[in-house]
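Input: a single structure, listed below in structure tokens.
The values are calculated or read from the model by the stated rules, or taken from the named source; none is laboratory data. Quick caveat: nothing in here was measured; it's all calculated off a predicted structure. Cβ: placed from backbone, ideal geometry, glycine included. Neighbour counts: every protein chain shown. To get the accessible areas, we keep the full protein, side chains included, count just its heavy atoms, and leave off ligands, DNA and RNA. Shrake-Rupley method; radii C 1.70, N 1.55, O 1.52, S 1.80 Å.
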Amino acid sequence: VFGTFEVHSFMEQTHKVQKKIPEKYIRESSMIRGPKFLVRLKSHTVFENTPIKLFCTVEGYPTPHVKVCLFLSLSLCVCVCLSSCRCGIDDTAMYTAVASNSHGQASSQASIIVKSESKLNSRPLMMCSLETSYQLLIVQPCHFLTLFLLRFSDAILPEIKYTKINITFLETFNVTFGKEEDCVTLACKMTISPNLANLQPDALWYRDEHLLKESKWAKMESGGGVAKLTLTHLAKDDEGLYTLRMVTKGGDAVHSAYVFVEGTELMLSCAPRCSLLSALNLNRIYYNTISYFKVSKCEKVGTENWTQCNDSPIKICKYPVPGLFEGHSYYFRVRAVNSHGISRPSRVSEPIAALDPTEFERLHGVPSAPGQVVATRETDTSVLIQWAPPKEPNNLIGYYIDSCVKGSKDWDSANHKPNKKTKFVVHGLKTGETYVFRVQAINELGLSEESQESAPLSVRAALKLPSAPYDIALLYCDGESMVLNWKRPAHSGGAEVTDYYIDRCNVAKKAWKEVNVPPIKERLYKVPNLTPGSVYQFRVYGANVVGLGNASTSSPPFKCEAWTMPEPGPPYDLSFIEIRDDSLVVEWKPPVYTGASAVTGYYVDMCKKGTETWTTANAAAVDHCYLKVKGLQTGSFYVFRVRAENAQGTGKPSVPSDRVCAKTLPGSQEIKCGVDEQTGDIYLSFESCQMAEISKFVWKKSYQEITDFSKGLAIKTSGSNSTLLFKNPDKEDVGTFSVAVTHTDGVSASYKITAEELAKMLTLSYDIRNPIIPLKTELAYKILERGRVRFWLQAEAISSAVTYKFFANNKELVNCEQTKMSHDVATGTIEMVLDHFTEDSEGTYAVQIQDGRGKAQSSLVLIGDAFKAALAEAEYQRREYIRVKEGTELYTVANLKKESAFHWFKNDVEVIPEVPADLGSGVCKLLLSQFSKKDVGVYKATISDDRGQDVSQVDISGKVFDNIINDLTRVAGASAADLVIHCTSEGIMLQCYMKYYTEEMKITWAHKDSKITASERMRVSGTPAMATLEIVEPTEKDKGVYTFEIKDSEKTNTRHLELSGQGALFWFSDRGKVVGGLPDVVTIMEKKTLSLTCTVCGDPKPQVTWSKNDQEVEPGDQYVISLDSGKFASLTIKGVTLEDSGKFTMAVLNKYGGESVDIVVSVYKHGDRIPEIKPSPTPKRIMPPTMPIVIPTAAKPASAPAAAPAKSPAPAPKSPAPSRSVRSPTPSRRK
């Protein structure tokens, strides 16, 4: 049919068809189908140099891409014309057309046989290039159809072999977390080998297995060994599993990772967000708050001519749009509405043409809850979640997965776009933390109930089989056995590789046999029972708790010949620690075979990546098995090997090491050295920046692992920190110490302790372990009353755990009545009071103190003249003294007998003491309680017996009186408590409790730093138990800070109290009050009606009571009591009589107190003269609160510790209160 068409005309028709395609509508739900050939290819037999055309027609949906020599966008069906202007013999072949899209694949074949004009038999030739031999014409393009015309030779044609292109990813994109409106770039760097300009791989990007196309939302770049996908404006639709597939003729290279998209936080509102209409995907965070949706349509994209489709609110995520014109294409978008506003519109949908509408499936409600949820380990930051689907899916769209730390209720959403599968990998979890998980299903109507929570799971990497060991090396052969070594597996599988197994193979026999049945624990093994002269190969397996891993590659062939060379064998087990930007430390183990003499040194060779030149890192051989290599280039890769040397020469090099990059590990820290301030231990501390579940710290000295802990070394490890402690440090601890952390990316460090540094640390350690308590004063003495002697000293600071001992002439004293010992932590004072100081007390006194590890000692020598002076002073004080203690006591000490007569006199008048004289002890005292000026006078003490009479007297006046008051003030000031507030009938009272108070003490009250002068309104007073300041009827001006000072000759004690806010005055201002309206005297004729009315106030509203002649008024027909609006109180007396004359009292009271007033009522008879009663105004009586009032205060800290207030403070003066009477009923509101 098409044979008569010209190619140019054919292409014009194709262009017209393509131009009309966007105007046609194909409903996706009804037209989705795989490719299908409507017209298949047909076989032909022709002579050479004859033009030939092949045609086929294919249909399918969705829209495909066709790539033969170029990309074409196709629609509904396709007609393909393969045209060859001239056929040659080499065009004989089987041709196949393969059509595929996301829903399947179809193919059609046809044979072309080209015969020569000389009638020779056709012969197979190689296929030529499609681009140069054929013309491909495409008519009526298909939906997502990729069409390839391939040519397959028949059995006689040779097999076509494609160039194998290997792609290795160097850098890949990881799991990505983003927010809406962010820009995210996913990139992979790779090597392509061979890198041929005309055979570059294709970079295809997929999201959730759907191929992505270039658009303004997705920008793609490929070339130069880099493939990039940039998501320019993230939306919920962009969440999913992204896959990069690098396609070559020899295979694919694939990498995948998940991209999470979280909703952004709105600054001014919490309006919901809505994603693409086609995805039916809402931000679940706002789903339950959404009121309804608005759907808008537009016929031409790029314009703002959007019209709303729905007049009534839409509650679900589906809406049949009415009023469309058949054949017209429309774009749609959706906005969500909640109580805070309207969201931004979703992305615009693809153009949808209106043709045959179909019915929506009937909705049956939200899905039921998903079934059992199972969590399993995947990596150290992710967990695989699997669950059973809901029993009632009801048009299920997908699932949401939540995670929560065990024990908390903070659930976090793991995905922000419905997941369609019943498994999901939750990323971004904290290693070592324990989580639980749950799942919810969603459809157009909303979310299901949550599933049951999964079992708790700790986030750890899943255990796997180890990878294979590698680099098997021969270390020694004696002719019958071989010593082998190998490198541990590169990946342990998350568990320690504990066992190894070896197989051997006699190359001549080609049979593998097991070498060991019990596992090998070390990576060094002697293989016995070998045949001399035979050649063997070996392979090694590694095993962990999961099982046996894969076998290593076979070793090079090793011939079983005894080693007799004089040089040493190869070192082995090369490893690296302390990798930094320009240096690293190489470690190795000495060779098993030493040669004809002992090994004397080692040489380290290195080779930089990209070169084949080995250079020696050390000019002179080192005699230890480690070397710090410096001068490396940052970021460069190196390979190392080691050679051993003895007297005969240098031996074989070791197996080359793995390549290592000279780059400091991010987060690396160095070892810290110091002295513990508490224990005095020298320590080396290291904090690891990486830790695995099975990681261990390995400490070494001179790069030899420390295993001997008998000399006081100790290792303490907690989490990611490890400390090496030197319990008994000495000069032998000089050297280089290093630490390495296993199962990390090479975390390690070292520290060199020099002799000078060690000496300083030893000195500091000794001072910490043997501290000296600093003393302010050395041991001293003081003569006290009654001739007692106080021995004391003062330290800079002591704790409550301090212990001490006193000695007299090298004899330890015991704490008892005769030698009372005590200490004061606050002042650091330690003392001993010797009660009897006599001639036998001469000598040397000492005290030893220990506080924790701190010690101190002090001594005092009292001999000769110094002792005599002290003894004389003690005897004088023993004869008579005055001591003040919460009052004043007069003491005298005398030589008394039971028959002695003892008397006290004041101003020659005998005073009988409350406590009789103790003639047995010789101590007689006279107690002067509540000491004040009334106690001034001359006091005498007389004693008489058969030996005669003696008199002692003291004049308590002048300076002596002042000294006593000063001592009392010192005691009172030290015991002064914080200021408190007490409510009185007239105002408030500030009180300061103390052990003793008298008006002779020097006290000061101040308000806002201004001294208060005593007045009728500011009453300064006190009782023996406290000092007081009463403020009568306080006002707002009385707010502020009040200060109380009590001063002795040495110190001033201060207490503060702040009256602030309403709390200080509310009780007084808000108490019940009588504002006015009542007269003082009322005269009224009998049988008249008397109304006593006044205004009251208070907060809360007060209660009003009335009484007559101190008797309660009973309300009834005659007496009517009312309270209107809580402030107008009245007493109405109907038909007054002479008996109603008397005193009426009204009391106004709430919880803060109140007032009462009196009214005198005089009743006279009709016709009598009105009595003249002169009013005598009576003041209002203030009533105290009915319950304790707590007044909030903000007290400033006192200058000295305050003692507790006295248990029984003097009560406040009582206020008069009216007698018990009835309360006024609250009247109903007047209409």
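For the reader, a short list of remarks on this structure follows.
- Filter pass, K701 being free of Cβ contacts under 8 Å to residues at least 40 places away in the same chain, touching a strand residue (DSSP E or B) at 6+ places or on another chain (Cβ under 6 Å), surrounded by 13 or more Cβ atoms within 10 Å (Cβ to Cβ) and not β-branched (V, I, T): yes
- Residues that are more than 35 Å from the chain's Cα centre (by Cα) and surrounded by 12 or more Cβ atoms within 10 Å (Cβ to Cβ) are absent from region 740-751 altogether.
- Residues that are aromatic (F, W, Y) and in contact with a helix residue (DSSP H, G or I) (Cβ under 7 Å, 6 or more places away or on another chain), drawn from region 979-1003: Y996, Y997
- From the options L41, L82, residue that is over 60 Å from the mean Cα position of the chain (by Cα), surrounded by 18 or more Cβ atoms within 10 Å (Cβ to Cβ) and at pLDDT 70 or above: L41
- Subset of region 819-855 (residues that are within 46 Å of the chain's Cα centre (by Cα) and open to solvent by less than 40 Å² (accessible area, probe 1.4 Å)): G828, T829, I849, D851, G854
- Filter pass, Y593 being in a loop (DSSP other than H, G, I, E, B), among the aromatic types (F, W, Y) and either open to solvent by less than 70 Å² (accessible area, probe 1.4 Å) or touching a Lys or Arg at 6+ places or on another chain (Cβ under 8 Å) (or both): yes
- Meets criteria (touching a residue at least 12 places away in the same chain (Cβ under 8 Å) and more than 24 Å from S1060 (Cβ to Cβ)) for M994: yes
- From the options F1144, F1128, residue that is under 25 Å from K1165 (Cα atoms) and out of contact with any Pro (no Cβ under 6 Å at 6 or more places or on another chain): F1144
- For region 325-344, a residue qualifies if it is open to solvent by 60 Å² or more (accessible area, probe 1.4 Å) and more than 21 Å from N443 (Cα to Cα), and the qualifying residues are F325, E326, H328, S339, H340, I342, R344.
- Filtered residues of region 194-232 (kept if without any contact (Cβ under 8 Å) to a residue 12 or more places away in the chain and open to solvent by less than 60 Å² (accessible area, probe 1.4 Å)): S215
- From the options L862, L890, residue that is open to solvent by less than 30 Å² (accessible area, probe 1.4 Å) and either modelled with pLDDT under 75 or within 26 Å of N963 (Cα to Cα) (or both): L890
- Annotation note: Cβ proximity below 6 Å between a residue of region 1092-1114 that is under 17 Å from S1162 (Cα atoms) and a residue that is open to solvent by 60 Å² or more (accessible area, probe 1.4 Å) and modelled with pLDDT of 85 or more (sequence gap 6+ or interchain) occurs for N1109/K1143.
- When residues of region 948-972 are limited to those that are free of Cβ contacts under 8 Å to residues at least 12 places away in the same chain and of a type in the set (D, E, K, R), the one least open to solvent (accessible area, probe 1.4 Å): D962
- Residues in region 413-441 that are open to solvent by 40 Å² or more (accessible area, probe 1.4 Å) and assigned to a loop (DSSP other than H, G, I, E, B): K420, K421, T422, H427, G428, K430, T431, E433.
- Given (1) at pLDDT 80 or above; (2) among the hydrophobic types (A, V, I, L, M, F, W, C); (3) in a loop (DSSP other than H, G, I, E, B), number of the condition V915 does not satisfy: (1)
- With respect to the stated conditions, A977 is within 51 Å of the chain's Cα centre (by Cα) and either modelled with pLDDT of 90 or more or open to solvent by 50 Å² or more (accessible area, probe 1.4 Å) (or both).
- Residue satisfying all of: in region 364-388; in contact with a Gly (Cβ under 7 Å, 6 or more places away or on another chain) and in a loop (DSSP other than H, G, I, E, B); farthest from S448 (Cα to Cα) among these: T381
- Within region 780-790, none of the residues are under 54 Å from the mean Cα position of the chain (by Cα), buried (at least 16 other Cβ atoms within 10 Å of the Cβ) and at pLDDT below 95.
- Residue selection: R488 fails the criterion of being among the charged types (D, E, K, R), over 30 Å from I401 (Cα atoms) and buried (at least 20 other Cβ atoms within 10 Å of the Cβ).
- Here region 236-267 is the region considered, the condition is being modelled with pLDDT of 85 or more and outside any strand (DSSP E or B), and the residue that is nearest to K417 (Cα to Cα) is E239.
- Within region 498-557, being under 22 Å from P466 (Cα atoms), assigned to a loop (DSSP other than H, G, I, E, B) and of a type in the set (D, E, K, R) holds for K521, E522, R523.
- Extreme residue, most open to solvent (accessible area, probe 1.4 Å), among residues of region 982-1013 that are at pLDDT below 85 and part of a strand (DSSP E or B): H982
- Qualifying residue in region 445-457 (condition: without any contact (Cβ under 8 Å) to a residue 60 or more places away in the chain, of a type outside the set (A, V, I, L, M, F, W, C) and open to solvent by 10 Å² or more (accessible area, probe 1.4 Å)): yes
- Residue pairs whose Cβ atoms lie under 8 Å apart, sitting 6 or more positions apart in sequence or on different chains, and linking a residue in region 920-940 that is assigned to a loop (DSSP other than H, G, I, E, B) to a partner that is modelled with pLDDT under 80 and open to solvent by 60 Å² or more (accessible area, probe 1.4 Å), are G920/K898; G922/N895.
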